[in-house]
1. Looking at A:TYR303, A:TYR272, A:TYR325, A:TYR290, which is the one that is farther than 28 Å from A:ILE485 by Cα, buried (at least 24 other Cβ atoms within 10 Å of the Cβ) and in contact (Cβ under 8 Å) with a residue 60 or more places away in the chain?
2. Tell me the residue from A:ALA338, A:ALA346, A:ALA356 that is touching a Leu at 6+ places or on another chain (Cβ under 9 Å) and within 14 Å of A:LEU447 (Cα to Cα), please.
3. Exactly one of (1) facing another protein chain (nearest Cβ under 7 Å); (2) more than 23 Å from A:PHE348 (Cα to Cα); (3) not in a loop (DSSP other than H, G, I, E, B) is unmet by A:TYR566. Its number?
4. Which pairs do you get when a residue that is farther than 18 Å from A:GLY8 by Cβ and touching a residue at least 60 places away in the same chain (Cβ under 8 Å), found in the range A:89-107, comes within reach of a residue that is among the polar types (S, T, N, Q) and surrounded by 24 or more Cβ atoms within 10 Å (Cβ to Cβ), reach meaning Cβ atoms under 8 angstrom, with the pair 6+ apart or on two chains?
5. Can you name every residue in the range B:93-122 that is crowded, with 24+ Cβ neighbours inside 10 Å and polar (S, T, N, Q)?
6. In the range B:205-223, how many residues are under 18 Å from B:LEU22 (Cβ atoms) and within 12 Å of chain A (Cβ to nearest Cβ)?
7. Just the residues that are outside any loop (DSSP other than H, G, I, E, B) and without any contact (Cβ under 8 Å) to a residue 24 or more places away in the chain, please, taken from the range B:134-159.
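The values are calculated or read from the model by the stated rules, or taken from the named source; none is laboratory data. On a predicted model such as this, the values are computed, not experimentally measured, just so you know. With ideal geometry, Cβ positions are generated from the backbone for all residues, glycine too; neighbour counts draw on all protein chains shown.
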Amino acid sequence: MIALFVSGLLLHGLNLILPAWVRDSRRLNVAANLLNAAALLCGLVFSLSALLVYQRVEYRFELPAAGPVVIGFDGLSLFFLFTFQLLSLAGSLYAIGYLRHYIERGLSLRGHLWFFTLLILSLQLVAVAHNALVFLIVWELMAIGAYFSIVFDKDKEEVRRGGFWYFVATHASVLLLCVCFLTLHELTGSWNFDDFARHAAYDPKTLALVLLTGFAGFGIKAGFMPFHVWLPNAHPAAPAHVSGLLSAINIKTGIYGIARLMMILPALDAAYGWGLLAVSLISAVLGVWYALAQHDIKKLLAYHSVENIGIIGLGLSIAWLGRRYGLPELVVLGFAGALLHTLNHAIFKGLLFFGAGNVYWQAHSGDIEKMGGFARVIPLTAVAFLVGAISICGLPPFNGFVSEFLIYKSFFRAGDLLRGYAPLVLLFSAVGLAFMGGLAVACFTKLYGIVFLGANRSGAAPSRQREPLLSSVALLGLAGLCAVIGIFPQTGLRLIAPALGELASTAQAPAGWASPLGQLQMVFALFLALVAAVYVGKFWLQRRAGVRLRETWGCGYAAVTPRMQYTASGFAEELVKLGRPMLALTVHWKPLLSIVPIASGFRSHCHDRMENSWLALNHAIGRLLGAFRWIQSGNIRHYVLYTFGAVLFYLLCALVW
Amino acid sequence: MVNPDPLSWLAWALFLASAPLLAGIVNKLKARLSGRFGPAVFQPYSELLRLARKETVYSTSAGFISRLAPVIVWSTVAFATLLLPLGRPAAVSFSGDIILFAYLLALGRFFQILAALDVASSFEGMGASREARFAVFAEPIFFFTIGSLAIVTRQYSFETILAGISWGDPLFVVFVSVGMLSLFFLMMAECSRMPVDDPNTHLELTMIHEVMILDASGFDLMLYQYAASLKLLLYATLAALLLNPFGVLGPALGLLVFGATLVALAAALALIETLMARFRLVLVPQFLLFATAIGVLNILIFTFSRQP
């Protein structure tokens with residue numbers, strides 16, 4: 001079986017030398033992406049069959065400096081490998097249709113596809129490298145692949161800016177991870193994750209260093225608040241197939257890292273669990289609130305990733321608390337909720353970003369205020385996007401509901417099992433989850449309603465466009481997966497079962513911990529039957545009574561224009577205003593004051609306070625260091641003097657000691 | 001899971017059939033309180049029947065959402081009632097069905113808002129925006145009220161939570177009265193009743209629910225109106241079931257107390273609607289936050305009464 005995985009990697013490798021032969025961008029686009037897709041299909045067959053017929057496999061070989069290197073296929077690695085491959089496959093198929101627009105603009109794809117392949121390849125390696133040194137190397141390769149994939153359209157200033165945000169964030173992340181893994185190496189004398197796990201004598205202080213740097217490093221990658229600032233900057237900058245992969249799977253490497261750390265390190269202190277709970281809750285609520293205030297489709301989706309990362313973090317924090325207090329049921333529930341939401345979010349967020357890409361090419365901008373009525377222009381995208389929107393709000397019968405259900409259940413069980421003020425905190429967390437559910441509904445009805453429904457606000461009435469076949473296959477395939485995991489939750493549970501099986505707690509957890517998820521399909525089938533029956537009844541009655549088409553009722557006003565529709569900012573205005581303390585809203589308004597019409601207008605923009613704080617911190621550091629700028633005089637004689645001074649200093653040191 | 005007992009399903013069908021009656025009772029009481037004679041209590045049935053037979057007019061801007069939404073809105077409310085034990089064990093019940101209940105209603109709301117945005121009308125956009133905004137504050141009320149009862153009773157389905165309510169424990173008297181109060185507030189908000197929304201007004205600028213369905217007609221409008229009266233009965237029933245009438249008093253007397261509670265809730269609603277005016281829309285979130293604060297009381301009482 002492993003041969004399939006290796007051949008997948010080799011096919012990716014082949015793809016890395018492909019641009020040398022195929023020079024025509026159009027052919028290269030099809031060839032490279034299909035080659036990637038074939039490689040990923042091989043990989044998917046491997047990881048899926050390994051998950052279904054699970055047996056833990058490890059491959060060891062010697063590398064100079066790194067010592068024995070372990071490439072491990074345990075439950076967690078396989079699950080993340082599967083998620084990465086699935087979305088990369090969808091992304092590769094989608095890219096074929098999407099990149100055509102760039103080819104028409106005359107951009108060369110050779111470099112881009114090379115780095116895109118590198119990104120996909122290194123993502124898979126990140127999931128299976130169980131040696132910290134190798135892990136850090138492939139982690140960096142992934143960062144490089146992602147960076148150059150983002151800055152594809154590098155002639156645009158905002159693309160370079162967005163790419164730079166990513167670059168800075170990913171380096172801050174790897175710096176912290178280096179501290180984390182070097183400390184672990186110092187303690188255990190090994191680079192392998194297994195040896196970290198086997199090491200029993202962690203003292204609380206060292207453990208705190210490891211955990212804080214590890215959580216912060218992986219947290220930056222995952223996009224927990226306040227480290228989320230790179231997401232809303234980098235996602236809009238990247239082309240849609242890349243931003244889909246960034247949001248669906250690249251940030252999930254951070255979740256993988258946190259989950260891995262939780263598996264190998266002991267949970268000695270409950271404070272980390274409560275801390276993670278607080279950070280996750282803040283990320284989730286504020287993430288969706290910021291999303292609500294955005295007018296740019298990709299920026300909005302990027303903030304939604306922050307929300308979903310928060311939801312995943314909620315599950316992980318319950319798992320941590322369960323480990324700390326020795327409550328196996330909580331460990332399993334929290335972990336299962338987090339992992340399943342990781343997969344679900346990957347599926348629907350990939351779908352939404354790919355859909356946003358199709359919208360982008362119709363509107364030639366990401367500004368949703370100018371959109372409307374795209375359900376008539378790109379109907380397949382509209383249907384798939386609707387499924388994604390319902391799923392991301394956690395509404396039944398799609399997959400978002402299943403994972404949020406598990407997290408709710410973990411909250412309620414924890415409220416029951418934990419003592420003291422815990423029930424209070426956990427009920428507030430559950431209500432927080434419900435609150436962000438309400439905000440998510442507001443946000444996605446806004447997005448879907450403004451973009452796909454109504455009439456086009458830019459005045460044009462675009463006609464139906466042809467949607468590229470393979471892109472539509474990718475979109476509808478992902479939408480189908482949302483439905484399958486939603487209606488048959490046991491399929492999702494089956495995929496995470498190996499990862500859960502490796503937790504010591506699973507064996508001790510009560511047998512029905514996942515109930516009633518295994519049987520929910522009966523309920524959903526009943527619900528869908530009811531919907532179908534009512535629909536058929538309506539269809540039949542309407543055919544008898546007759547159906548007519550008329551223009552929308554304008555309360556007697558005849559000169560209705562599409563610009564009179566509610567805008568995205570108008571729709572969300574009141575909710576955004578309520579978030580004022582957290583959201584910095586600037587409004588440029590030139591009101592109509594005279595009776596003679598003059599040029600007037602309204603523009604509003606929401607700033608991220610945390611982004612502003614990071615920038616302010618950056619400026620403060622810059623100013624502080626600016627105080628030493630006189631050292632850099634630019635005069636060569638001064639530099640010679642510095643060198644002389646340094647040599648003199650060392651000589652004196654040598655003389656004294 | 002799915003209960004094969006035909007009586008449970010019969011109770012559900014009866015529930016569906018009796019929903020317009022409660023709306024009729026509220027209307028009748030309101031009319032009497034303001035000195036009018038008012039329409040018959042069965043008037044809503046005639047209206048629904050009339051709408052069902054009418055021709056449907058769709059906006060030229062409307063797409064598949066407008067055609068699908070009424071079905072989803074009605075089905076979600078109807079399906080949500082399956083989860084309630086209406087005298088018999090609930091037709092569908094499982095651990096965690098309280099979450100499905102809230103999310104089903106949210107799914108209905110999702111489609112209701114989308115249908116309003118589908119017809120490219122500024123009025124309906126206005127209603128959609130308001131509905132989305134107030135729903136954000138309504139959702140926590142439900143979770144605080146039912147969620148705290150879930151934590152208190154250590155049960156996660158309506159059937160077992162409601163069965164776990166006992167009148168012997170003085171704490172439960174507090175829990176139940178607080179829960180009923182916050183559910184009543186929730187009913188006023190979710191069913192577009194008076195201090196939040198005026199169901200009788202026909203001025204588009206001030207409405208929430210009615211303005212979202214301005215362009216619906218015929219069978220679609222019937223489904224929306226039917227779903228609205230179902231929702232009213234649904235929340236009233238949930239509040240009445242907190243008394244656990246069937247569990248404590250047995251089927252016959254329970255049914256009597258249950259019916260009396262429903263009528264009492266309808267009377268309270270009619271009284272409030274007669275005495276009060278609609279709030280200014282900016283005040284509605286404050287009203288809802290007040291209701292949330294009531295809902296929080298239960299879990300606070302529970303936590304602090306359990307402290308050593």
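1. Numbers: A:TYR303 fails: farther than 28 Å from A:ILE485 by Cα; A:TYR272 fails: buried (at least 24 other Cβ atoms within 10 Å of the Cβ); A:TYR325 fails: buried (at least 24 other Cβ atoms within 10 Å of the Cβ).
A:TYR290 is the lone residue from the list that is farther than 28 Å from A:ILE485 by Cα, buried (at least 24 other Cβ atoms within 10 Å of the Cβ) and in contact (Cβ under 8 Å) with a residue 60 or more places away in the chain.
2. Details: A:ALA338 fails: within 14 Å of A:LEU447 (Cα to Cα); A:ALA346 fails: within 14 Å of A:LEU447 (Cα to Cα).
Only one candidate qualifies: A:ALA356.
3. Exception for A:TYR566: condition (3).
4. A:TYR94/A:SER471; A:ILE96/A:ASN33; A:ILE96/A:SER471; A:GLY97/A:SER471; A:TYR98/A:ASN358; A:TYR98/A:SER471; A:LEU99/A:ASN33
5. Result: B:GLN112, B:SER121.
6. Start the filter on the range B:205-223 by keeping residues that are under 18 Å from B:LEU22 (Cβ atoms), which leaves B:209, B:222-223.
Remaining after also requiring within 12 Å of chain A (Cβ to nearest Cβ): B:222-223.
Matching residues across the range B:205-223 total 2.
7. As a first pass, look at the range B:134-159 and keep what is outside any loop (DSSP other than H, G, I, E, B): B:134-153, B:158-159.
The answer is B:VAL136, B:THR153.
Condition check ((1) modelled with pLDDT of 90 or more; (2) part of a helix (DSSP H, G or I)) across all residues:
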site: B:GLY247; (1), (2): no, yes
site: B:PHE258; (1), (2): yes, yes
site: B:ALA270; (1), (2): yes, yes
site: B:PHE279; (1), (2): no, no
